[in-house]
1. Semi-axes of the equivalent ellipsoid of the stretch 106-189: what are they in whole Å, largest first, if each equals the square root of 5 times a C-alpha gyration tensor eigenvalue?
2. Which entry is the computed Rg and Dmax of the Cα atoms in Å for this structure: [x] 18.4, 52; [y] 18.2, 56; [z] 19.2, 61?
3. How many percent of the alpha carbon pairs in the stretch 216-303 exceed a separation of 17 Å?
4. Taking 7 Å along the Cα-to-C-beta vector as the label spot, tell me the residue 156-residue 3 distance in nanometres, rounded to one decimal.
5. So which of 111/187; 71/286; 139/231; 97/286; 62/177 end up more than 32 Å apart, counting from Cα to Cα?
6. First measure r as the distance between the Cβ atoms of residue 53 and residue 29, then evaluate 1/(1 + (r/R0)^6) with R0 = 45 Å and state the FRET efficiency to the nearest 0.05.
7. So which trypsin sites (Lys or Arg not before Pro) in the stretch 246-303 pass both tests, a DSSP loop state and at most 15 other Cβ atoms within 10 Å of the Cβ?
8. Under a GNM of the chain (C-alpha, springs under 10 Å), which listed residue has the highest mean-square fluctuation: 285, 275, 170?
Amino acid sequence: MSKKITKRILSLSTGFAVNRFNNLNIFSNFIKDFLKLDYIQLTSDFMMLNMNDYYILKHNEKLDKILRNKKIAINSTFTGGFDRLNHLSHHDIDHQKFWISWFKKFFKISKDLGANYSGSHLGIIGFDELKNIDEILKKRLIKNWHILSEYAYKINLKGLIWEPMSVNREFGEKVSKTKKILNLLNKGSKRKFKLCLDIAHGDEGSNNKKDYDPYFWLSQFCNNSPVIHLKQKIKNNHSHLSFTNKNNKKGIIDRTKVIKILEKKKSINNELVLELNFKERTLIEKNMKKEILSSVKYWKEVL
């Protein structure tokens, strides 16, 4: 059953956990007992959606039982690193149909696990298609996402979320373009589209500095962003960095500034998601749990 969010909550994306936590009981202990978190944002790869239907059902029923026993809730689900693909923007109609079916399965399982929101990036196009980007947006992407909004309405999912990215072929890299796309998605849609806003994204090649100013993005979209991805951002470093003391001294994402904007805009019901990635290196993995805990503590102090 979905749990209504009536205040800001802190959660952790499971993107980092794929291949690192194969035992669901150990994973739930890490979330609840070590990090002392009540929410996670499940990624599609952690939900094993690349497996056959029997295994997907078996895995997610087990996951649901364990999370319920641990009192860990899911407000949102999102595609993971293995699904950063063209999916709904692909030029082949059969390819698009496959992904429409895939997303319907993803949304239904997400709803069954208690999610209020589910989503992805819009879709990705190749370099050769950039000259037709506006036509692809309107005739391919908007059309396909509207099909999915009908399904989201049918299964009573509260809303669909999409993530503005940082390059034009992934869509939503500028503030003005994100506003345009959001309007197009919501025109005639049965289930409203909102954002999974990542304030570390934005077009750093734009002539308008606001297009890569995390606080301007936040001020423009926080009330349309029930889900907000957080990671520390250091100039010329595009990793999903943790909020450690070392990173925070160099980074531009400041918890106080973020909360001040949310308060000013009266944006209350946000899920703040720590979206942290770690390279598969011995020294990095050795410190991973400690860095996640530091990040959780950093944000918990202002929530």
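1. Equivalent ellipsoid of the stretch 106-189: 24, 13, 12 Å, largest first.
2. Evaluating Rg and Dmax of the Cα atoms in Å on these atoms matches [x].
3. The calculated P(r) of the stretch 216-303 puts 50 percent of pairs beyond 17 Å.
4. So the label points at residue 156 and residue 3 sit 1.9 nm apart.
5. 139/231; 97/286; 62/177
6. Plugging the Cβ-Cβ distance into 1/(1 + (r/R0)^6) gives 0.95.
7. 265, 266, 279, 281
8. Of 285, 275, 170, the most mobile in the Gaussian network model is 285.
The values are calculated or read from the model by the stated rules, or taken from the named source; none is laboratory data. Keep in mind that this is a model prediction, so the values were computed, not measured. Positions of Cβ are backbone-derived with ideal geometry, glycine not excepted, and every protein chain shown enters the neighbour counts. Accessible surface areas use protein heavy atoms only, side chains included; no ligands, DNA or RNA. Shrake-Rupley method; radii C 1.70, N 1.55, O 1.52, S 1.80 Å.
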